[in-house]
Amino acid sequence: MKNLFSNIKGDAFGGITAGIVALPLALAFGVSSGLGPSAGLYGAIFLSFFAALFGGTNTQISGPTAPMTAVSMVIIAGIIAANDGDVNKALPAILTVFLLAGLFQVGLGVIGLGKYIKYIPYPVVSGFMTAIGVIILVTQVLPSIGYYPKDDAEFVEQFKPQAQELILETILREEAGEGILVLDNFKETINRAEQITDEDILKESRTLAKNEASGVLGAIKVFPRAIQQINWLELILALSTIFIIYGFKRITTKIPSTLVALIVVSGVAIAFGLNYRPIEEIPAGIPTPNMEIFTSFSISGITPYIFTAITLALLGAIDSLLTSVVADNMTKTKHKPNKELIGQGIGNSIGAIFGGLPGAGATIRTVVNIKSGGKTRLSGMIAGLMLLFILLAIGPLASRIPAAVLAGILITVGIGVMDYKGLKAIPSLPKDMKLGPIKLSSEVVVMLVVLALSTFWNLVYAVGIGLVIASLMFMKKIGDLTAQRSDVKPLKKEKYWEDELDFPEHLKEDVFIKHIKGPLFFGSTSDFQQLAAQIPPKATAVVIRMGRMQYMDQSGLYAMEDVLVDLRKQNINVLLVGVLSQPKYMMERIDIIPDLIPKEHIFSNFKDCLTWIKNNVKHQE
């Protein structure tokens, strides 16, 4: 506690500054997610405070981030669509998924997985981050020009037949569930169908129109219609926001340009009474918990989203720990990864209960905090309290912010979040694989696959597929390298090891030596299994040198067993030299030792093995 208050002045200034910087981004991410600006603000308040209080990075400022919002947006859209397009009806399920993601993060920290996050390949992260940028850019083009598909009467009109069909399906499904959908009482169904109003059909049609235009593909699909219906005022507000964000940075970086753009453009729009589209209303007062998460909870309703919640938890973990590394580099400190995950999980869980958007450690806000004097966890807690103060003090005024201003802010976020370092490296990365006649870099392939799948299909699955492809390519590379370094050759052709120089000349055709350099695992077993086939019939002994083989997995173990069985059938003696503890333990578990290799054929060094060879191997003419 003493350390917490050791830098009150610096932490107060850092936290207040970071909180102010977080305000426009929290509002923008909330609007982008589909839950509204209040969800972004609530998420920033609770996550910033509790992640700082319980986390393992002293200067971390947490809140909604571009990657977390992009994945949340997909989750929200899917659950709303499954609930007849009704946000209020879908909200408990959405927040339950966010709560689960937070609890999974706590679990990741408790079981100590924080230190393993660093093993996620860079091409996967690079492709994902660039896709996030593309998704934000493309999806924010429509609101920046003032086009909203659900307000396009002509576009909505074409969905009315489908809307009527869906409404009727809903009635039939509900009556089937109530047990009243029977021929004798079909009048009830007809009565309910007759009560469908034009307003009901229009509402459903608008939902369908909005869903049709969602995501990158949807935005591209309706873009020609949007261009024909540009709202020039909205476009000017968005462009002015973007211009100020980039232009003000040239004047000074001490004042956040995003905040300046928000205040200036919104102030002008409000002061001159311009006919713009405002963001959704932000509820006044202190946030209250959404108890429907618990009262309407059902295992069956949440089961389809378990994997999604796990993915959201992992993404938040990666996002946060990358920011922790940045903070470490700036402050010359060392964060505690598992504690940080527990803090993030607690923050996201509490935020979900209060209707907040999930988030993670935010790099820009953390850097601002450090540069403004923040040094302890108190700075992150103050940032959360600052946002709560802003909510209570100017909540109604913030509801008058133009939607186009937040679209402009998000466009700059989309441009900034892309991984330009990874993109620039594409031409220079070594082309280590062939696709037909074309040579490609495996790193680039992984990055582009993740980028394409994330942008046009599904963020969650794209990361999983990217990890699988990257892992398979890595395994192949390691397998190739292992095989390359440990070729099976007659002693005359293989490079001598120092202790083999005195090997008897007359026995060099009768004894083969296999040098295993590196692990024997599933990526290298096929080459090892060729050992028996490469040894001529006149050979009477094979020496397998295992002093540089530190590890053997189950695939390697069974490959070893197969080779030893084949050699035994040929009446070839197998001698093992320098067997290390892990491979020896594995071979003893399935009785390779002593059933196939007696203990007298296992030597701690080559000198003892050579003595056995001289005494027992006879030269074959």
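We did not get these values from a lab; they are worked out from the coordinates using the rules stated. All values derive from a computational prediction rather than experimental measurement. Note: ideal-geometry Cβ built from the backbone for every residue, glycine included; neighbour counts use all protein chains shown.
Quick one: compute the contact order of the chain, relative version, from alpha carbon pairs under 8 angstrom and 6+ residues apart, as a percent.
Numbers: 1061 pairs, mean separation 159.9, N = 621.
Once divided by the residue count of the chain, the mean separation gives 26 percent.
From Cα pairs below 8 angstrom and at least 6 apart in sequence, can you work out the relative contact order of segment 287-409, rounded to a whole percent?
Details: 56 pairs, mean separation 33.8, N = 123.
Relative CO of segment 287-409 lands at 27 percent.
Given 0.36 nm per residue, what is the gain on full extension from Asp608 to Glu154 after removing their alpha carbon distance, in nm?
Values: separation 454, 0.36 × 454 = 163.44 nm, distance 8.91 nm.
154.5 nm is the gain from fully extending Asp608 to Glu154.
Please give the charge dipole size of the chain, origin at the Cα centre, charges +1 on K and R Cβ atoms and -1 on D and E Cβ atoms. Round to the nearest 20 debye. The partial results should precede the final answer.
Values: 54 positive and 51 negative charges, 595 e Å.
Here the chain has a charge dipole of around 2860 debye.
Order these by the 10 Å Cβ neighbour count, fewest first: Met291, Met473. Display every interim value, and only then the final one.
Numbers: Met291 10, Met473 18.
So the ranking, lowest neighbour count to highest, is Met291, Met473.
Which order, highest average first, do 510-518, 11-19 follow once you tally other Cβ atoms within 10 Å for each residue and take the mean per peptide? Walk me through the numbers on the way to the answer.
Numbers: 510-518: 20.4, 11-19: 24.9.
The packing order, highest mean first, is 11-19, 510-518.
Give, as a single signed number, the net charge of other residues whose beta carbon lies under 15 Å from the beta carbon of Ile76, with Lys and Arg counted +1 and Asp and Glu -1. Before the final figure, lay out the partial values.
Values: positive: Lys89, Lys210; negative: Asp84, Asp86, Glu280.
Neighbourhood net charge equals -1.
Ranked from highest to lowest mean number of other Cβ atoms within 10 Å per residue, what is the order of the peptides 108-114, 145-151? If you can, show how the numbers build up before the last one.
Values: 108-114: 17.7, 145-151: 20.6.
Highest-to-lowest ranking by the protection proxy: 145-151, 108-114.
What is the gain in length, in nm to one decimal, between Tyr558 and Lys339 on full extension, counting 0.36 nm per residue of separation less the C-alpha to C-alpha distance?
74.8 nm
Could you pull out the trypsin sites (Lys or Arg not before Pro) across segment 525-567 that fall in loop regions by DSSP (anything but H, G, I, E, B) with no more than 16 other Cβ atoms inside 10 Å?
Numbers: sites: Lys538, Arg545, Arg548; in loops: Lys538.
Those satisfying the criteria are Lys538.
Can you flag which of Lys254/Lys334; Lys336/Lys517; Lys150/Lys421 are past 29 Å Cα-Cα? Can you show the working numbers first?
Numbers: Lys254/Lys334 27 Å; Lys336/Lys517 35 Å; Lys150/Lys421 38 Å.
The answer is Lys336/Lys517; Lys150/Lys421.
Please report, in debye to the nearest 20, how large the charge dipole of segment 489-616 is about its Cα centre when each Lys and Arg carries +1 at its beta carbon and each Asp and Glu carries -1 there. Don't jump to the answer; show the numbers that get you there.
On the way: 17 positive and 18 negative charges, 45 e Å.
So the dipole magnitude of segment 489-616 works out to roughly 220 debye.
Sorting Thr57, Thr253, Thr308 on the 10 Å Cβ count, fewest up front, what's the list? Before the final figure, lay out each step's value.
Working: Thr57 31, Thr253 11, Thr308 22.
Listing Thr57, Thr253, Thr308 from fewest to most nearby Cβ atoms yields Thr253, Thr308, Thr57.
Just how far, in whole angstrom, is segment 195-242 from segment 366-416 if you go by their alpha carbon centroids?
Taking the Cα centre of each part, segment 366-416 and segment 195-242 sit 28 Å apart.
Residue separation times 0.36 nm, minus the C-alpha to C-alpha distance between Lys569 and Ala271: what's the value? List each step's numbers first, then the result.
Working: separation 298, 0.36 × 298 = 107.28 nm, distance 9.31 nm.
Result: 98.0 nm gained on full extension.
Note down the net charge around Val565, summing +1 for each Lys or Arg and -1 for each Asp or Glu among other residues with Cβ under 15 Å from its Cβ.
Numbers: positive: Arg568, Lys569; negative: Glu561, Asp562, Asp566, Asp591, Asp595.
For residues surrounding Val565, the net value is -3.
Compute the Kirkwood hydrodynamic radius of segment 489-616, taking the inverse of the mean of 1/r over all pairs of distinct Cα atoms, and give it in Å to one decimal. Working shown, then result.
Working: mean 1/r = 0.0680 Å⁻¹.
Every distinct Cα pair counted, the radius reaches 14.7 Å.
With both partners inside the chain, how many of the DSSP beta bridges are antiparallel, as a percent to the nearest 5?
Values: 8 of 22 bridges.
DSSP beta bridges in the chain are roughly 35 percent antiparallel.
What is the distance in Å between the Cα centres of segment 253-304 and segment 544-578?
Cα centroid to Cα centroid, the span is 65 Å.
For segment 282-390, what does the alpha-carbon gyration tensor say about shape, rounded, prolate or oblate, given a ≥ b ≥ c as the root eigenvalues, a/c under 1.5 as rounded, and a/b over b/c as prolate? Write down the numbers at each step before the final one.
Working: a/c = 2.97, a/b = 1.46, b/c = 2.04.
Since a/c reaches 1.5 but b/c is at least a/b, the shape of segment 282-390 is classed as oblate.
Give the residue from Leu501, Ala541, Leu233 lying farthest towards the positive end of the charge dipole for the chain; charges sit on Cβ (+1 for Lys and Arg, -1 for Asp and Glu) and the dipole is referred to the Cα centre.
In the chain, that residue is Leu501.
Angle, helix 377-398 long axis vs. longest principal axis of the chain, Cα atoms, 0 to 90°, nearest 10?
For 377-398 against the chain, the angle is about 30 degrees.
Under the rule of -39500 (n - 2.57) per DSSP H run of 4 or more residues, summed and divided by the residues of the chain, what mean residue ellipticity at 222 nm is obtained, to the nearest 500 deg cm²/dmol?
Numbers: 27 runs with 392 residues, N = 621.
Computed mean residue ellipticity for the chain: -20500 deg cm²/dmol.
Using the Cα gyration tensor of segment 226-287, with a ≥ b ≥ c the square roots of its eigenvalues, what is the shape: rounded (a/c below 1.5), prolate (a/b larger than b/c) or oblate (neither)?
On the way: a/c = 2.05, a/b = 1.10, b/c = 1.87.
Oblate.
What ranking do Lys254, Lys339 get, fewest neighbouring Cβ atoms within 10 angstrom at the top?
Working: Lys254 8, Lys339 15.
Ordered from fewest to most neighbouring Cβ atoms within 10 Å, Lys254, Lys339 come out as Lys254, Lys339.
The list [x] 26.0; [y] 29.3; [z] 28.5 gives values of Kirkwood radius over Cα pairs in Å, and only one came from this structure; which label was calculated from it?
Computing Kirkwood radius over Cα pairs in Å and matching it to [x] 26.0; [y] 29.3; [z] 28.5 gives [z].
Is the C-alpha gyration tensor of segment 425-483 telling us rounded, prolate or oblate? Criteria: a/c under 1.5 is rounded; beyond that, a/b larger than b/c is prolate, otherwise oblate. Walk me through the intermediate numbers first.
Numbers: a/c = 2.42, a/b = 1.45, b/c = 1.67.
It is oblate, given that a/c is not under 1.5 and a/b is not larger than b/c.
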